[in-house]
Amino acid sequence: MTTKPTPLAIPDSVFEEVYREARRAFPFECCGWLSGARDGTSVTVVRKCVNAQESVTHPMTPERGAETAYVFTSPDLLDLNRSLDTAEPARIIYHSHPNGQAYLSETDRGVATSPWGDGPAYPVQQLVVGIDAQRLVEASLFDWSDEENGFVEISRDGGPQVYSPTLHCDPHAWGGSHSWG
Ligand SMILES: [Zn+2]
């Protein structure tokens, strides 16, 4: 039996914190994860991470800036793995795109897929927040689909109605508890 992935609800306060992180990191990408009760339908806590790609000394891809990628540091990866065994595991991994577009790049898909290509690297959904210099543009949530053998978009929000002049992001316009309608 296949079950269609259900988007986890992201409370306003949590989403706002992610947006603030994305704004802080701009023009680099921020990254981290959102945790919540193991069998719950929403996330409750933001765990911010260091984007190792912001370091010019990153050994893997020194020619690429953080504008195009994010890489968790080893301590963060360790914590991420540890969280999976707790009552409040990581449920969503998030990162931002400073080009204002919310999508999973080929690199993103590679990072989020198990090295054997037979499932997700982690049992989590993937949130991508697209921002530009002024505002939140759009956000999209992805999850692994066995049928597609890859990540599929399960919810998307965006459009002019989400912008507030002060916050540049009005979480209430995103559907109250950000339940992804
Ligand atoms: Zn990305």
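The values are calculated or read from the model by the stated rules, or taken from the named source; none is laboratory data. This is a predicted model, so every value here is computed, not measured. Positions of Cβ are generated from backbone atoms using ideal geometry, with glycine treated the same way; all protein chains shown enter the neighbour counts.
Table: residues versus (1) of a type in the set (S, T, Y); (2) touching a residue at least 60 places away in the same chain (Cβ under 8 Å); (3) more than 17 Å from R20 (Cβ to Cβ).
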position: Y103; (1), (2), (3): yes, no, yes
position: T107; (1), (2), (3): yes, no, yes
position: P120; (1), (2), (3): no, no, yes
position: V128; (1), (2), (3): no, no, no
position: D132; (1), (2), (3): no, no, no
position: R135; (1), (2), (3): no, no, no
position: W144; (1), (2), (3): no, yes, yes
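Answer with yes or no whether G110 is exposed (fewer than 13 other Cβ atoms within 10 Å of the Cβ) and modelled with pLDDT under 95.
Yes, satisfied.
Would you be able to tell me the number of residues in the stretch 19-29 that are away from the ligand (no atom under 14 Å from the Cβ) and in contact with a Gly (Cβ under 9 Å, 6 or more places away or on another chain)?
Residues in the stretch 19-29 being away from the ligand (no atom under 14 Å from the Cβ) and in contact with a Gly (Cβ under 9 Å, 6 or more places away or on another chain): 1 in total.
Which pairs turn up if I take residues in the stretch 1-24 that are within 17 Å of R135 (Cβ to Cβ) and of a type outside the set (D, E, K, R) and look for partners that are assigned to a loop (DSSP other than H, G, I, E, B) and at pLDDT 85 or above with beta carbon separation below 9 Å, at least 6 apart in sequence or on another chain?
Short answer, once both residue conditions are applied: V18/I10; V18/C30; A22/E29; A22/C30; A22/P98.
I'm trying to understand the selection: among the residues of the stretch 100-131, which are in contact with a strand residue (DSSP E or B) (Cβ under 7 Å, 6 or more places away or on another chain), in a loop (DSSP other than H, G, I, E, B) and within 10 Å of the ligand (Cβ to nearest atom)? Walk me through how you get there before you give the answer.
To start, the set of residues in the stretch 100-131 that are in contact with a strand residue (DSSP E or B) (Cβ under 7 Å, 6 or more places away or on another chain) comprises 100-104, 109, 112-114, 119-122, 124-131.
Next cut, in a loop (DSSP other than H, G, I, E, B) only: 100-104, 114, 119, 121-122, 124.
Answer for the stretch 100-131, where residues must be in contact with a strand residue (DSSP E or B) (Cβ under 7 Å, 6 or more places away or on another chain), in a loop (DSSP other than H, G, I, E, B) and within 10 Å of the ligand (Cβ to nearest atom): Q101, A102, Y103, L104.
Going by what's in this entry, would F142 be described as in a strand (DSSP E or B) and either of a type in the set (S, T, Y) or surrounded by fewer than 20 Cβ atoms within 10 Å (Cβ to Cβ) (or both)?
It is false that F142 is in a strand (DSSP E or B) and either of a type in the set (S, T, Y) or surrounded by fewer than 20 Cβ atoms within 10 Å (Cβ to Cβ) (or both).
Here is a check on your reading of the model: is R109 touching a Gly at 6+ places or on another chain (Cβ under 8 Å) and farther than 21 Å from F26 by Cβ? Break it down stepwise before answering.
Details: touching a Gly at 6+ places or on another chain (Cβ under 8 Å): yes; farther than 21 Å from F26 by Cβ: yes.
Yes; evaluated as a whole, the condition is true for this residue.
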